[in-house]
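What follows is one structure encoded as structure tokens, with my remarks underneath.
Derivation of every value follows stated rules applied to the coordinates shown; laboratory data play no part. The shown structure was predicted, so the numbers you read here are calculated from the model rather than taken from an experiment. Please note: Cβ atoms are built from the backbone with ideal geometry, for glycine as well, and neighbour counts cover all protein chains shown.
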Amino acid sequence: MLYSPAQLHIPDGFLSIVVSLIFWLITIVMIGLAISKTNKTLGEKQIPLMGVMAAFIFAAQMLNFPVAGGTSGHFLGGALAAIVLGPWAGILVMTSVVGVQALLFQDGGLLVMGANIFNMGILTAAIGFGLYRMVIDRNKGTRLAVAGIGAWIATMAAALITALQLWVSGTSRLEIVIPAMLGVHVFIGFGEALITVAALAFIEQTRPDLLTPEKSTTSGGARLDYCRSFRFSDGCTDISTGFW
Amino acid sequence: MAVLISPLASGNPDGLERVAEDLGFLGTGLDAPYQILPDYTIPFLGETAISTILAGIVGAGVLLGLLILIGRNLRRANGV
């Protein structure tokens, strides 16, 4: 079966103008925040890593995997990007991926691009990173497990927000669209979790320094190192502000 | 690597597309006002495997370059 990947993201027309504009606004604010945060914090080795991560997520998103009932799903990548790069650089990577998909590949509408970036890039990054940073001190197994769970929850959250957007837009009825979207994405979330865990395990195996860079011998433990590696002065507390 | 096997991707409608079809609002989607590399293919190569692979390489390459450019600018703005 030789198929090219079909349309994957929300096209223009699914969401109302008001909903589209609201999510563009939220997304623009978040991108602005992401730029100002990374502007002060971007480390030398994060730059090529951002590029490689964007290329990987783009390529991985092209691979639709079949799930139950003649439906397919594809990788989102927001949780993975945020865990590897930190939430703000992760958001910039996801914004670029979704932007290039819409502008160059006509995948996802232009008016709804803000919603696509928010659903697949910002929300997933916040959830994935938020959960992962809680277990950053733990052993590898726990971290990978939580990364997988985070990826699954992030996928469900993206499906839920998309369902709500469709409902508020008057495209579909709430009691129909929510179970439909969540039902399909239960399985897609498993795929998301698998790819996220596999990619993280691969990075831990080959380049563990990328996940805990600039390890300090003084004090603070892995968690602070992880947070400091994104150059936030007071560790993870600062990273999470703006998300919750 | 992923790009090379991308033509093997499932052609089944994806999660959102499937729901839109089932709930009868797929038709409300609008086509893009223009097309550059529609449906992850290079137009003059048609919908073939090689076309999808090339489109994937173009996309991955564009993103690699774009992010390194963004990253460098963000770093330089820092004066480091």
Problem set entry | In sequence order, calculated HN-Hα J values of the range A:86-91 (Karplus, 6.51, -1.76, 1.60; Hz; x Gly/Pro) | x, x, 6, 5, x, 5
For this session: Using a 10 Å cut-off on Cβ to Cβ distances, tally the other chain neighbours for every residue of A:42-48 and report the average as a whole number.
Result: 5
Exercise. Under 13 Å from the 7 Å Cα→Cβ point of A:Lys45, by amide nitrogen: which residues of the range A:55-98?
Worked result: A:85
Exercise. By per-residue mean of other Cβ atoms within 10 Å, what is the highest-first order of A:150-156, A:27-33?
Worked result: A:150-156, A:27-33
Problem set entry | Those trypsin sites (Lys or Arg not before Pro) in the range A:53-143 that DSSP places in a loop and that have at most 14 other beta carbons within 10 Å | A:Arg138
Exercise. For A:Leu25 and A:Ala201, what is the calculated FRET efficiency with R₀ set at 35 Å and r taken between the beta-carbons, to the nearest 0.05?
Worked result: 0.40
For this session: Quick one: which residues, 5+ away or cross-chain, put their amide H under 5 Å from the amide H of A:Val67? H built at 1.01 Å from N.
Result: A:Ser72, A:Gly73
Exercise. Under the Karplus relation 6.51 cos²θ - 1.76 cosθ + 1.60, θ = phi - 60°, what is the ordered set of whole-Hz ³J(HN,Hα) values for the range A:144-157, x standing for Gly and Pro?
Worked result: 5, 4, 5, 4, x, 4, x, 5, 5, 4, 4, 5, 5, 5
Problem set entry | For the range A:17-240, diffusion coefficient by Stokes-Einstein and Kirkwood Rh (Cα), 4 °C, 1.567 mPa s, µm²/s | 73
Exercise. HN-Hα J couplings of the range A:185-200 from phi, Karplus 6.51/-1.76/1.60, θ = phi - 60°, integer Hz, Gly and Pro as x?
Worked result: 7, 4, 7, 4, x, 4, x, 4, 5, 4, 5, 4, 5, 4, 5, 5
For this session: Work out the mean other chain Cβ neighbour count within 10 Å for the residues of A:92-105 and drop it here as an integer.
Result: 4
For this session: For the range A:123-151 and the range A:45-81, write down the distance between their C-alpha centroids in whole Å.
Result: 17
